[in-house]
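The values are calculated or read from the model by the stated rules, or taken from the named source; none is laboratory data. Nothing here was measured: the structure is a model prediction, and the numbers come from that model. Here the Cβ positions follow ideal geometry from the backbone for every residue, glycine too, while neighbour counts run over all protein chains shown. Remember, those area values only see protein heavy atoms, side chains included, never the ligands or the DNA or RNA. Shrake-Rupley method; radii C 1.70, N 1.55, O 1.52, S 1.80 Å.
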Amino acid sequence: MNYLTPTLLLVLTCVSGFADQTNQPNPPHHSSAATGTKKATKSSQKTTNPPAPSGDELAIEPVEKVNDPWERLNHTTFRLNDSLTIHAIKPIAHGYEHIVPHTVRTCLSNFFDNVDFPIRFGNDVLQGRIVRSGQEAGKFLVNSTVGVGGLFRISDHVSSLADVPPEDFGLTLGHWGVSNGPYLVIPLLGPTTVRDLTGYAGDFAINPLNWYLIFSNQRFISTAVGYAISASRVVARAPRSVRTYEQMKEAAVDPYIAVRNAYLSHRAAQLEK
Amino acid sequence: MKGSIGRIRSRIYEARTLTAVAVINLSFVICHLSFAAAQADPVAQLHSEVDQILALAYSGQSTETLAERARPLLEKDFSFDLVTRQAIGPGWRQFTAGDQQKVTDLFSRLVIRIYAARVVGTQRPTITYGKTVTLAPDRCEIPTRVTTPNGDKPYAVVYRLINLPGGWRIYDVLIEGVSFVANYRAQFDDLVRRGGAAAVIKTLEAKLAEPINPNS
């Protein structure tokens, strides 16, 4: 379940020490306070007199409207996903954590991240980010060789490769000027937008591990092996997804809005990088 | 002769005394300047505050104990008043002073309790500080990168600070671009418009009454 990205971040806010969106064109939705440095800097440039030290001007920012025309349906899907997470995915995640040692789980997670290299690299190229595509290639090379087929993320210890923003086709579409479109909650997949869902389909097609589903006659991997790999990928990511989702629910006064805001803000921040 | 030796000894004594006084004064000035520099530099202050909180957070205490002990530190570092005002949004001005105080208290308790529940049982992360970005004459943001020892991917945390009369205080935290206060403001928005302060207080009290699962 793709709750990891949106829920993660709300929860990490608390873990780290302390843890609306509009229908406007790109750069897309930002909640006003989440807009980050760029917006804040702009506002500071307009300021002629120093603001009052009480921070009053910060406390009056309204919530921007969110492009969520199917909110009722999305709410229903959100509740369905919640039940699936708690009653189906959580037991699987617990079983996986109980059986597989932590080190092995980390290695598997690293492996699947490394396998996603074509998606990140391809989208860097599509966005014309030459330096970043070179960094991605370097990461893949280092992790695949020194990191034993991607089991170990050696690139984290190389300063130039440690913090390469991951790209996907949703971000590429955003980079090309495509707006988010309506917010969506998809069964099993979780929160997304029309643009990001389109991008997800594109990334799915780019990933060689999914070709067994697209090209029935290809001999790259057999269908059975393909399904096994897909299932392993889901299971490997399940513990963290479930944990962050549950932590998010505990922190939120309205989990649906919390996830929606976190998802859209995070994607907007990714697009700005 | 004896008088000359006495005068020389006396001058030496005076010189030593003056030197000692000068050294003491210099030390005092250096200490004072260091302290002033630490007060004026939000990065140094944030670094010190985060270190204190992490030291407390990872000292092997239970969730309840940690929440109680972390509260004074967090209240010193955060402007919970401003954090709560931002989280509620423009509707804050419609609240009575009593409601504002009540909401601030409940919201800060919720944040501290969740924080305590999340760090108990985890390993201390490593934090790398980036360059400070000035947002306004009295505001800045400090980017950090948090690396956990459990092998998870590092993540970006940005602290936003405001220079209030009492010193630099944190008024927002952004994790991978997600603003803590904006996220809560989005959640409270409908609640404030429909039910005002009473609805917010009721919701926060209900939230605080829920048990926290430290293993989630």
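Mean per-residue shielding of peptide B:46-54 is 1, counting Cβ atoms of other chains within 10 Å of each Cβ.
Per-residue shielding of A:237-250, expressed as the average number of other chain Cβ atoms within 10 Å of the residue Cβ, stands at 2. Does a label point 7 Å from the Cα of B:Thr126, set along Cα-to-beta-carbon, have any residues of segment B:135-151 with amide nitrogen under 16 Å, and which are they? It comes to B:144-151, nothing else. The heavy atoms of A:Ile130 offer some 130 square angstrom of accessible surface to a 1.4 angstrom probe.
Between the beta carbons of B:Arg193 and A:Val148, assuming R0 = 41 Å, the FRET efficiency works out to 0.15 to the nearest 0.05. FRET efficiency for the A:Phe204 to B:Arg71 pair, using the beta carbon distance and R₀ = 60 Å, is estimated at 0.80. Each part reduced to its alpha carbon centroid, segment B:155-197 and segment B:76-110 end up 11 Å apart. Shielding value for A:252-263 is 5, the average number of Cβ atoms from other chains within 10 Å of each residue's Cβ.
Given the Cα-Cα distance of A:Glu71 and A:Ile86 and 0.36 nm per residue of separation, how much length would full extension add, in nm? All intermediate terms of the calculation are to be shown ahead of the outcome.
Working: separation 15, 0.36 × 15 = 5.40 nm, distance 2.21 nm.
Additional length available on full extension: 3.2 nm.
Accessible area ranking (1.4 Å probe, heavy atoms, ligands and nucleic acids excluded), largest first, for A:His98, A:His75: A:His98, A:His75. When the scattering of segment B:40-209 is computed by the Debye formula from its Cα atoms alone, each counted once and equally, what is log10 I(q)/I(0) at q = 0.09, 0.14, 0.15, 0.20 Å⁻¹? Reported log10 I(q)/I(0), two decimals: -0.32, -0.80, -0.92, -1.45.
The alpha-carbon atoms of segment A:71-220, seen along their principal axes, cover 47, 45, 39 angstrom, with the largest extent given first.
A:Ser83 exposes around 50 Å² of accessible area when a 1.4 Å probe is run over every protein chain in place. Note on A:Asp163 and A:Leu141: their simple-model spin labels are 2.3 nm apart, each label 7 Å out from Cα toward Cβ. Surface listing: B:Thr148, B:Thr65 arranged by accessible area from highest to lowest gives B:Thr65, B:Thr148, probe 1.4 Å.
Label sites at A:Lys273 and B:Glu64, each approximated as a point 7 angstrom past Cα along Cα to Cβ, lie 4.1 nm apart. For the peptides A:85-91, A:246-252, the ranking by mean Cβ contacts within 10 Å, running from highest to lowest, is A:246-252, A:85-91. To the nearest 10, the accessible area of A:Trp211 is 90 Å² with a 1.4 Å probe.
Of the residues B:Gly177, B:Thr128, B:Thr96, the one whose Cα sits farthest towards the positive end of the charge dipole of segment B:40-209 is B:Thr96 (charges of +1 on Lys and Arg Cβ, -1 on Asp and Glu Cβ, taken about the Cα centre). Please find the FRET efficiency linking A:Leu188 to B:Lys202, where r is the Cβ-Cβ separation and R0 is fixed at 25 Å, and quote it to the nearest 0.05. Computed FRET efficiency for A:Leu188 and B:Lys202 comes out at 0.15.
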